[in-house]
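Read the structure below first, then the notes.
Computed from the coordinates by the stated procedures, all read-outs in this text should not be read as laboratory data. These numbers come from a predicted model, not from an experiment. Here the Cβ positions follow ideal geometry from the backbone for every residue, glycine too, while neighbour counts run over all protein chains shown.
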Amino acid sequence: MTVEKVLGAPLRIRIILALWKTGEINATELAKRLETNYSQLVTHLKFLSRYGIVEERRIGRTRLVRLRNMSLVEALAKALEEINEKLKTKPVSPQSQPLP
């Protein structure tokens, strides 16, 4: 697995951040919170599950999902959250950064 594969889709990033913040959650509720359709969410959950990022369990027809490798994912989620916050508060202009 490469970082590019995991972060290659914006929805996967949003899934990781949402699960990091909420813990285990019903997949239908997660789709609502992320404002995406259920089938698209499940496609990305299967991808993340294949690489050991998330896991699911079923209770009857309810699909519950959560992060699997917490130490790896927590480091990733914290980095993404920090980058996101910096981008929100301090837009970088091309002129303000010197070229190497």
Completion exercise
Phi-derived 3J(HN,Hα) across the range 24-38 with the Karplus relation (6.51, -1.76, 1.60, θ = phi - 60°), rounded Hz, x for Gly and Pro, is 6, 8, 5, 4, 5, 5, 4, 4, 5, 4, 8, 6, 9, 7, 4
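When a/c reaches 1.5 or more, the comparison of a/b and b/c decides; with that in mind, is the chain rounded, prolate or oblate per its Cα gyration tensor? Present the calculation step by step, with values, prior to reporting the outcome.
On the way: a/c = 2.40, a/b = 2.05, b/c = 1.17.
Prolate is the answer for the chain, as a/c is 1.5 or above and a/b outweighs b/c.
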Fill in the blank from the handout: For residue 63, other-chain or 5+-apart residues with amide H closer than 5 Å (H placed, Pro excluded) are 27, 28
Exercise for the section: Quick one: compute the contact order of the chain, relative version, from alpha carbon pairs under 8 angstrom and 6+ residues apart, as a percent. Expected result: 27
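Across the chain, where is the longest run that never hits GluC sites (Glu not before Pro) in a DSSP loop with at most 14 other C-beta atoms within 10 Å? Can you show the working numbers first?
Details: sites that count: 24, 35.
Here the longest run is 36-100.
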Handout entry: Stretch gain in nm, segment residue 35-residue 58, where the contour uses 0.36 nm per residue and the Cα spacing is subtracted
Key = 6.1 nm
